[in-house]
1. Would you point out the residue of region 190-205, among those that are in contact (Cβ under 8 Å) with a residue 24 or more places away in the chain, buried (at least 20 other Cβ atoms within 10 Å of the Cβ) and more than 16 Å from ligand 2 (Cβ to nearest atom), that is farthest from Arg267 (Cα to Cα)?
2. Does Gly179 satisfy the condition of being within 10 Å of ligand 1 (Cβ to nearest atom), touching a residue at least 24 places away in the same chain (Cβ under 8 Å) and crowded, with 17+ Cβ neighbours inside 10 Å?
3. When you scan region 220-248, how many residues do you find that are in contact with a Gly (Cβ under 6 Å, 6 or more places away or on another chain) and in a loop (DSSP other than H, G, I, E, B)?
4. Among the residues of region 307-335, which ones are crowded, with 20+ Cβ neighbours inside 10 Å and more than 22 Å from Glu43 (Cα to Cα)?
5. In region 289-318, which residues are within 16 Å of ligand 1 (Cβ to nearest atom), among the charged types (D, E, K, R) and assigned to a helix (DSSP H, G or I)?
6. Would region 277-288 turn up any residue that is within 14 Å of ligand 1 (Cβ to nearest atom), assigned to a helix (DSSP H, G or I), within 23 Å of Gly209 (Cα to Cα) and of a type in the set (S, T, N, Q)?
7. Looking at His127, His155, His80, which one is within 15 Å of ligand 2 (Cβ to nearest atom), within 26 Å of Ala310 (Cβ to Cβ), surrounded by fewer than 24 Cβ atoms within 10 Å (Cβ to Cβ) and not charged (D, E, K, R)?
8. Taking the stated definitions as given, is Leu71 in a helix (DSSP H, G or I), surrounded by fewer than 21 Cβ atoms within 10 Å (Cβ to Cβ), under 21 Å from the mean Cα position of the chain (by Cα) and hydrophobic (A, V, I, L, M, F, W, C)?
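The values are calculated or read from the model by the stated rules, or taken from the named source; none is laboratory data. This one's a predicted model, so the numbers in the text were calculated from it and none came from an experiment. Don't worry about glycine lacking a Cβ; one is built from the backbone with ideal geometry, like all the others, and counts go over all protein chains shown.
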Amino acid sequence: MRPVFDWANSLADARNALVLGIESSCDETAVALYHTTDGLLGEALHSQIDLHAAYGGVVPELASRDHVRRLPGLLAELSHKTGRTLADVDAVAYTAGPGLVGALLAGASLAAGLAQGADLPLIPVHHMEGHLLAPMLSEPELDFPFVALLVSGGHTMLVACHALGRYELLGQSLDDAAGEAFDKTAQLLGLDYPGGPALARLAAQGTPGRFTLPRPLTRQRGLDFSFSGLKTAVANQLAKVSDVQDHPDLAADFELAVVETLSTKCRWALEATGMSRLLIAGGVAANTRLRAALQALCEAQGAHFFVPSAALCTDNASMIAHVGALRLADAQRSGAPVRARWPLSELSAPRGAAHA
Ligand code: KG4
Ligand code: ZN
């Protein structure tokens, strides 16, 4: 990826730039407009949950096709919502990875077409950097450095965020992501896809404490996660209880095991880094019990806790347009590369940025 566009010389006032963001890495199709001074102007989003529900998970080929089908309509909706047209846009940011490669290409191709047609620069955005910085959209006082817990259907990671583009991976899941564990356990309990929210609702009707479930990888102070054994432990307990009346209690114990494991690792991450800010992002950050546990942890540790609104926790284009605006200097003139795998540690500060 070779940045060839000299943004500073091309845009008279970079504080006055309007960035179009496009997200299509998985099963949400979204476009948003972010202005470098005025902030977020609006977003249009379509979730493919219904499309994939029958299969119990995301079907990559269906996802790609639906992105292609939905994007033009969403652009029209965004224009209607914000009163802005393509003629007002100064740069196009798109999710370049990580994600499903066909899905990524749908957004990248649109971005490349729009940029070429209107002679605009393109900004490839790292999806996880989008998640990491999304809380800044609703919490303007959030500043570096901070520890971030990213918990989604595809990822579970603890990241020390030192500065824009300086992210240190502290730990990650060795197998299932936290959201995946929620989804698979929900499936065991006969709940519909996506299982996370359904399992949380079931857990709210139960009382934890009846079932003994592990807190994986918490015997030693490591920051990696492993959730696949927890799902198996639920399957074993389920084989012993035949009554569906027991499911809410089992769901509550599963949720508590995940929450306590995540919370323990967050405490260790705060202690290991000496940082005093913690934020959560990703779909699982919508979990009420997790939010409450981390809020209590931060109060006990004297740390500040940041949690984005539910809409900013799950996949969206606002976070992509936002990172695009922070990375105007990385804009390029042509090509729209995508990467299915893309370690966060390969990111650096935007070109020309002062080193923190
Ligand atoms: O970040 P996200 O929208 O999509 C990606 O995975 O990229 O996260 C979706 C994940 C799913 O696994 C879903 O089951 C989980 O977040 N999730 C929840 C809750 N809401 C969504 N898990 C637990 N409790 C919730 N309330
Ligand atoms: Zn995501």
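1. Of everything passing the filter in region 190-205, Leu202 is farthest from Arg267 (Cα to Cα).
2. So Gly179 passes the test.
3. Looking only at that region, the number is 2.
4. Passing the criteria: only Asp330.
5. If the condition is that a residue be within 16 Å of ligand 1 (Cβ to nearest atom), among the charged types (D, E, K, R) and assigned to a helix (DSSP H, G or I), then Arg289, Arg291 are the ones that fit.
6. Yes, region 277-288 has at least one match.
7. Being within 15 Å of ligand 2 (Cβ to nearest atom), within 26 Å of Ala310 (Cβ to Cβ), surrounded by fewer than 24 Cβ atoms within 10 Å (Cβ to Cβ) and not charged (D, E, K, R) holds for just one of His127, His155, His80, which is His155.
8. Taking the combined requirement at face value, the residue does not satisfy it.
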